[in-house]
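A.B. asks: Here it is, the structure, as structure tokens.
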Amino acid sequence: MTGPDRIVPLFSSSSGNSTLIKSRGMYILVDCGMSCKMMTKALVESGVYPDDISAVFLTHRHTDHIGGVPVFSRKYHTPIYGTRATLAVLEGLSSPVTEIEENDIVKLENGPEVRVFPTPHDVAGSVCYRIINSDTGSSFAVMTDLGRVNDGMRGFARACDVILLESNYDPYMLENGPYPWPLKKRISGGHGHISNPESAETAGYFISNGTRKFILGHLSPHNNTPVLARETFVNLLADRGFVEGIDYEVKIAKKDGPTEGFVL
Ligand SMILES: [Zn+2]
Ligand SMILES: [Zn+2]
């Protein structure tokens, strides 16, 4: 397989997440959180057959990230990578399984390098990924379910070409929305998800350090809207002196189907 590197979010929300990445001629998935049937349909729509996927890297064990893994594994036997805590909840796989650890660097044979970094999300073994093409140096980061962004995470994804960055909720909508108080606290308390303003602040750091392309993802269907996520992002960054179209580009990942991402 040749052709440029690319990133295509297939599904992105609290209902299911998966991101297709092509790097150094190899297709990989980060997460497989929708049914095998839906995953297959989204892949084919993106011009890729499930058999073409060389590896699935899992961020953590929440269902919206791993829900489709058992059936996908039985059908396509795709190698699965995850931390011990994530792999522990997966049963009935018929794939090669590789346990990874926080801070690992996985060098896929004839493919990209995948770096692993821990996130302070509320289940053990939660990680984010940076996928690097060692020939060109270009890289993608997939950063969702972040809890709260810390200096380590900022350093980890610094100067990435494209970052799929969580923008989970609008603080006002969460505060005044339908969720019970404990769930509101779980989401915003530093081990759940990051808000639209937190996402924009984080992007400001990344823009200052060379990143130009962002995809906002994992939007809450109840506590956010694509319009609000984009407006908050663009307005907050404008306050910091960064102008959309000049200093950076931003796209919003669709909840339930492939989003035209970025080609490098
Ligand atoms: Zn999630
Ligand atoms: Zn999660």
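A short reminder: the numbers here are calculations on the coordinates, not readings from a lab. Bear in mind that the values here come from a model prediction, so they are computed numbers and not experimental data. Glycine gets a Cβ as well: all are built from the backbone with ideal geometry, and neighbour counts include every protein chain shown.
A.B. asks: What number of lysine-lysine pairs in the stretch 6-258 show an alpha-carbon separation below 17 angstrom, given a sequence spacing of 8 or more or placement on distinct chains?
C.D. replies: Pairs that pass both the separation and distance tests number 9.
A.B. asks: Still on this structure, please answer the following. Give a residue-ordered list of calculated ³J(HN,Hα) values for the stretch 78-86 (Karplus: 6.51 cos²θ - 1.76 cosθ + 1.60, θ = phi - 60°; whole Hz; x for Gly, Pro).
C.D. replies: 6, x, 10, 10, x, 6, 4, 5, 6
A.B. asks: Rounded, prolate or oblate: which fits the stretch 1-47, taking a ≥ b ≥ c as square roots of the Cα gyration tensor eigenvalues, rounded meaning a/c under 1.5, else prolate when a/b beats b/c? Before the final figure, lay out each step's value.
C.D. replies: Details: a/c = 2.55, a/b = 1.81, b/c = 1.41.
Because a/c hits 1.5 or more and a/b exceeds b/c, the stretch 1-47 counts as prolate.
A.B. asks: Say a site is exposed when it is one of the GluC sites (Glu not before Pro), sits in a DSSP loop, and has at most 15 other Cβ atoms within 10 Å; what is then the longest site-free stretch of the chain?
C.D. replies: Numbers: sites that count: E91, E101, E102, E109, E260.
My reading of the result: 110-259 is the longest stretch.
A.B. asks: So, with +1 on the Cβ of K and R and -1 on the Cβ of D and E, and no other charges, what is the size of the charge dipole of the chain about its Cα centre, to the nearest 20 debye?
C.D. replies: On the way: 25 positive and 30 negative charges, 60 e Å.
For this selection, approximately 300 debye.
A.B. asks: Can you find, among G125, S139, V149, the residue sitting farthest towards the positive end of the charge dipole of the stretch 104-149, where Lys and Arg contribute +1 and Asp and Glu -1 at Cβ?
C.D. replies: Positive-end residue among those listed: V149.
A.B. asks: Report the one residue of V243, H193, G92 whose Cα lies farthest in the direction of the positive end of the charge dipole of the chain (charges on C-beta: Lys and Arg +1, Asp and Glu -1; origin at the Cα centre).
C.D. replies: Positive-most Cα among the choices belongs to G92.
A.B. asks: Moving to a separate point now. Under 10 Å, Cα contacts only: if you run a Gaussian network model on the chain, which one of P197, P171, P180 comes out with the highest mean-square fluctuation?
C.D. replies: Highest fluctuation among the options: P180.
A.B. asks: Mind telling me which of H121, H60, H218 comes out most flexible in a GNM of the chain, alpha-carbon contacts under 10 Å?
C.D. replies: Top of the fluctuation ranking is H121.
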